[in-house]
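Everything on this sheet refers to the single structure shown next.
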Amino acid sequence: MNRRRSYFALLFAASLFFPAARADEGMWLFNAPPQIQLKQRYDFDLTDQWLEHLRLSTVRFSGASASFVSGDGLVMTNHHVGLFTMHKLSRPDRDLLADGFYARSLDEELKCENVELNVLASIEDVTGRIEAAVAHLSNPAQAAERRRAEMNTIEKESFEKTGLKSEVVGLYYGGLYHLYRYKVYTDVRLVFSPEESVAAFGGDPDNFEYPRYSLDVCFFRAYEDGKPAKTPHYLKWNTAGSSENELVFMAGHPARTQRQKTVGHLEYLRDVTMPASLDQCRRLEVALLAYSERSAENRRRASAAVRGAQNSRKARLGMLAGLQDPAVLKIKQAEEESLRRAAAADPKLAAQIDAALKTIDQTLQTYEKIRVEYEMLEAAQAFHSGLFHTARTLVRMVDELSKPNAERLRGFQDTNLDALKRGLLADAPIYPDLETAMLASSLGMYTELVGYRDPLVRGVMAGRSPPDRAEELIGGTRLGDVDFRRRLVEGGAEAIARCDDPMIRLAQFVDGPARKLRAICEREVNEPQTRAYGMLANVRFALYGDSVPPDATGTLRLSFGEVLGYRRDGETIPAFTMFSGLYRRAESNRFAQPYALPPIWIGLPDVRPVSCSSGSMTTPRSWCTCG
């Protein structure tokens, strides 16, 4: 996506209250689809049968988006979605990222550790039950605990009744609550992935840009009972492809957006949290690149992490650029004023707006007092290490399992335990030197931001420098051994209490302070914000209905629009990119990284454009930049 189109997306992302916002950018709920808008604008009848087929064809792939593309469980997604899975399957003598992979038979498909596919089976509105549980509670701490308890209870009841994975999701920041039920596939196998050099052609310079030329695609397969899953709902290949001006649809699971934040909240993101997050991304990227430059094997080990860090950094740069554009805040201010004018005729609605905006501003002031420590400890930004994450999960799991299900932290409820244990016991490669490099960098950041005089910092560092402490922790831990982790999981609280592993001890040392910060955040920031944004949502519902979809929450959404090119700097940018453009771009950069092509791609005769179905598009488009 080019910079101007990125700005346009951010401008719309800032639409909080505007009732006439165009629907084409989407993120519509499947249980509140844009049927009227599609009929009026495109004369398209969005039927229940059509929606059901698309819903059951769409897959949540470890939190990202994918789709079934055959009746025997074949799943298509972006290469960058499967990146970390393929990295885990690689080893020094089998680099799936550099060399690609193709299974010529079912027997050759590679089983993936700790990959879960979810297919949305149903949605139920449980707003009334959640609201009733907290309506009588004025104390924010009690309300936060009761809200969490009710969500845990609803999920457990649903799972016991249906056998489906069940998740309660807040929409409109607490204006609505929906229960999502999923069919789960845990036996997932890799079928095909191209070489990374063509899957991520153009690398960081071309990422988030358009035109872009990359084969950003890979295929997996879902299995049940050791056999390819039967998936009657899937997206069929269309050899004709799509055409310019054609109406197309996209179903997927966008992670998070902040379109409905208030002006004050966006200003706080612009001035405080986004710059801090960007600095963290940059620091991690520098550490990973420095590690990668030491050897070819280091580059292989760190390649997925480097891609992830660069992607995060560039995404945040674009977000911050949009927030720093005065036009964005000007639009937001106009929208809040418009909402106030629309609500002025009803004193009750007007009072709710004033109270909500005041509360949100107060919560931001409260959060700023604990922000750095919260990010370092509870968000674990001070501990960039998969081994530390494992240690914290083990320490918290035994703590939480001693409580009734309703009282546990989110993520540790009964319905999530199987997935949690699969993650803990996954036999994925762990590289101690890479873990050490990342942990040393984050510990250095922690000491800089909080200060070495802080008692907790001194306790974490144990009289060592960040590099020495990281080496001591990673070199001394046994958590890289899956059998050792299994003994701790099976031994429970007693095994953790007896364990003298230094990483477990570190997780225990910081867990108390981290939990206190979490409690403050839930009590004085999250719960008041939830109520305030819920009030704003109810005002919008009263004035405009559900004409504006909620922010993304990682749940299934529907988008639609037309296939169109655009103009940039007097040049017409076509709607499609072709293989010929890839070769021209490689040649113009003398095939140097990141524009190098795999040897098999050099000199291919008679390359013709073909067609594909990208991600979860229901109308395939000409073979181009998939994703």
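Summary of values
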read-out: Check: the stretch 169-214 dipole with +1 on Lys, Arg Cβ and -1 on Asp, Glu Cβ, in debye; value: 460
read-out: Helix-only mean residue ellipticity at 222 nm for the chain, each DSSP H run of n ≥ 4 adding -39500 (n - 2.57), per residue, nearest 500; value: -16000 deg cm²/dmol
read-out: Pairs of alpha carbons in the stretch 114-263 whose separation is greater than 20 Å (percent); value: 70
read-out: Estimated distance in nm for a label pair at Val286 and Asp125, the labels positioned 7 Å out from Cα along Cα-to-Cβ; value: 5.1
read-out: Dipole moment magnitude, nearest 20 debye, the chain about Cα centre, only Lys, Arg, Asp, Glu C-beta charged; value: 580
read-out: Candidate lysines - alpha carbon under 18 Å from Lys348, same-chain residues fewer than 8 apart omitted; value: Lys358
read-out: Relative contact order %, the stretch 102-237, counting alpha carbon pairs below 8 Å whose residues are six or more apart; value: 28
read-out: Kyte-Doolittle mean at least -0.5 and Cα axial length at least 30 Å: DSSP H helices in the chain; value: 347-377
read-out: Residue (of Ser338, Asn207, Tyr595) at the positive-pole extreme of the chain, dipole from beta-carbon charges; value: Ser338
read-out: Mean separation of Cα contacts under 8 Å (6+ apart) over length of the stretch 335-443, as relative contact order %; value: 29
read-out: Linear extension gain, Leu543 paired with Leu409, 0.36 nm per residue minus alpha-carbon span; value: 44.7 nm
read-out: Added length on full extension, which subtracts the Cα-Cα distance from 0.36 nm per residue, Asp279 to Ser580; value: 104.5 nm
read-out: Distant alpha-carbon pairs in the stretch 286-358 (separation over 19 angstrom), percent; value: 61
read-out: Of Lys88/Lys230; Lys230/Lys421; Lys165/Lys421, those spanning more than 23 Å from alpha-carbon to alpha-carbon; value: Lys88/Lys230; Lys230/Lys421
read-out: Fewest-first ranking of Leu558, Leu96, using other Cβ atoms within 10 Å as the exposure measure; value: Leu96, Leu558
read-out: Positive dipole terminus of the chain, leading residue within Val81, Gly492, Ser57 (C-beta point charges); value: Val81
read-out: Residue order, fewest to most beta carbons within 10 Å, for Lys230, Lys183; value: Lys230, Lys183
read-out: Residue exposure sequence - His389, His265 - by fewest surrounding Cβ within 10 Å; value: His389, His265
read-out: For the chain: relative contact order, % (alpha-carbon pairs under 8 angstrom, 6 or more apart); value: 27
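None of the figures in this text is laboratory data; all of them are computed from the coordinates on show. Values in this document were obtained by computation on a predicted structure and should not be read as measured data. Every residue, glycine as well, gets a Cβ built from its backbone with ideal geometry; the counts of neighbours run over all protein chains shown.
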